[in-house]
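Notes follow the structure.
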Amino acid sequence: MNEHDHARPTRHPSIETALFGSEAVLYDERSGTVHHLNPSACAVWLLLDGRSIGDVVAGLAERTGLPRTEIGPDVLRAIADLDEAGLLEGEPASGS
Amino acid sequence: MTERFHAGFFEAGGIAFTVETNRPGFAALVADVFRDLRVGRRGPSAVVFEVLHRGVDPPANPWGVWRAGEQREMTVSDGYVLTYLLWEVSRLMFERTGERVHLHGAALVHDGRALVLAGPSHAGKSTLAAWLTHRGWGYLTDEAALVDPDTLIVSPFWRPINVRRPGPLDSIVAGLPGDGNGDAERLVPASTIGTLAPATPLAGIAFPCYTAKDEAGIGPLAPAAALLELTQHFPGLIADGRAGFRRLARLVAAVPAYTLRFHDLDEAERVLRTLVGRRS
């Protein structure tokens, strides 16, 4: 357990998600901008529904069969990138 | 009161409009270049564009443009006024697109199937559209394709094709009516080089890219990449915000997209003909 595990970053309600297989294109209706998510970022994005980061990591570890310690840093980085792009609301994962 | 000249009644994507001006030569030019958009007399609901020469001499830009009495642009040059008017007409149509999706691109028809050529400016869309029209493809539109995301029908908008000069189409458009003025671009009525096509179901979206020497080649483009292409270069295309984005996403999920590299127009035509001929 680390300091970020209890944060609950959530998809911002102004973002529309178009899902194409394992990829997604996001539309931010506030700015009119679009963002492309590769499969890794998309997998994280789809789990940002208010659950804790710890639960996001656990969910992805279960899905991929990889250990939490291995995917944890990548998940934090993806959340930080999404947050920096203004796509999240709630407690950010900054400080990672 | 200044005398007014009426260029005619027209329609853009089902939207009726008229053009009035205080210069008889300009009225004749609009009537000629917009000939494919011409319709019979319309009632008072037609949107009136006024294109008025303010009587100033060069180097001042003498033209002003109003839409339905509202001032749009007051300093338009002689060489740009027709292009600007066409842009205003396209804008009017986009504002009233309704549930249809607006793609920045040309649309052509082969064997009853439509292909949209989309992409950024200077990618070769208009040149290719004019060439395909000249080679027997049906012409639906240039620069402004309207597609119903549910039926996948592409609506015709027979606006004149914007042909750049000098270029590979010089010999085709030489001597044809159209707006010249010796400028680098020329608006050519599509019916003078080929056939106009009615509303047609969409078979695919191709993103052309002119290359200096490569042979023509086509490759698949994933829906996410296609949506990104369509939106990143033209954020204004997502009219109607979120709902518009959803419609666009629905469209790219339903229609295959491709990248097209081309150098030779005839080779590009052959490759596209094969592509449209494929039946899923």
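The values are calculated or read from the model by the stated rules, or taken from the named source; none is laboratory data. Everything numeric here is computed off the predicted structure, so don't read it as measured data. With ideal geometry, Cβ positions are generated from the backbone for all residues, glycine too; neighbour counts draw on all protein chains shown. These area figures cover heavy atoms from the full protein model, side chains too; ligands, DNA and RNA do not enter into them. Shrake-Rupley method; radii C 1.70, N 1.55, O 1.52, S 1.80 Å.
Below is a table of values for the structure above.
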quantity	calculated
Some residue of the range B:199-207 being closer than 16 Å to B:Arg100 by Cα, surrounded by fewer than 15 Cβ atoms within 10 Å (Cβ to Cβ) and within 13 Å of chain A (Cβ to nearest Cβ)	no
Residue ID - nearest to A:Ala24 (Cα to Cα), chosen from residues in the range B:240-270 that are in contact with a strand residue (DSSP E or B) (Cβ under 7 Å, 6 or more places away or on another chain) and among the β-branched types (Val, Ile, Thr)	B:Val255
Segments classed as strands (runs of 3 or more DSSP E), wholly inside chain A, with at least 1 members that are modelled with pLDDT under 95	A:23-28, A:33-37
Matching entry among B:Gly64, B:Gly79, B:Gly55 (being modelled with pLDDT under 95 and either touching a Lys or Arg at 6+ places or on another chain (Cβ under 8 Å) or at positive phi (or both))	B:Gly55
Number of the exception - A:Pro13 against (1) touching an Asp or Glu at 6+ places or on another chain (Cβ under 9 Å); (2) open to solvent by less than 10 Å² (accessible area, probe 1.4 Å); (3) within 14 Å of chain B (Cβ to nearest Cβ)	(2)
Whichever residue in the range B:242-253 is open to solvent by 60 Å² or more (accessible area, probe 1.4 Å) and in contact (Cβ under 8 Å) with a residue 24 or more places away in the chain and, among such residues, is nearest to the other protein chains (Cβ to nearest Cβ)	B:Ala253
Every residue from the range B:10-24 that is out of contact with any Phe, Trp or Tyr (no Cβ under 8 Å at 6 or more places or on another chain) and either modelled with pLDDT of 95 or more or in a strand (DSSP E or B) (or both)	B:Ile15
Some residue of the range B:48-70 being in a helix (DSSP H, G or I) and without any contact (Cβ under 8 Å) to a residue 12 or more places away in the chain	no
Elements of type strands (runs of 3 or more DSSP E) contained in the range B:89-157, each with 1 or more residues being of a type outside the set (Val, Ile, Thr) and surrounded by 24 or more Cβ atoms within 10 Å (Cβ to Cβ)	B:101-103, B:105-110, B:113-118, B:138-141, B:145-147
Among (1) open to solvent by less than 30 Å² (accessible area, probe 1.4 Å); (2) not in a strand (DSSP E or B), the one test that B:Thr83 misses	(1)
Selected residue (criterion: farthest from B:His6 (Cα to Cα)) from residues of the range B:35-62 that are among the hydrophobic types (A, V, I, L, M, F, W, C) and buried (at least 17 other Cβ atoms within 10 Å of the Cβ)	B:Leu37
Where a residue in the range B:125-144 is more than 10 Å from B:Phe157 (Cα to Cα) and its partner, wherever it lies, is among the hydroxyl-bearing types (Ser, Thr, Tyr) and not in a helix (DSSP H, G or I), with Cβ under 7 Å and at least six apart	B:Thr133/B:Tyr139; B:Gly138/B:Thr195
Looking only at the range B:208-224, and only at residues there that are at pLDDT below 95 and open to solvent by less than 60 Å² (accessible area, probe 1.4 Å), the one that is nearest to the other protein chains (Cβ to nearest Cβ)	B:Gly219
Selected residue (only one of A:His6, A:His35 is away from chain B (no Cβ under 14 Å) and either out of contact with any Cys (no Cβ under 9 Å at 6 or more places or on another chain) or crowded, with 16+ Cβ neighbours inside 10 Å (or both))	A:His6
Hey, A:Glu89 in contact (Cβ under 8 Å) with a residue 60 or more places away in the chain and closer than 16 Å to A:Thr10 by Cβ or not	yes
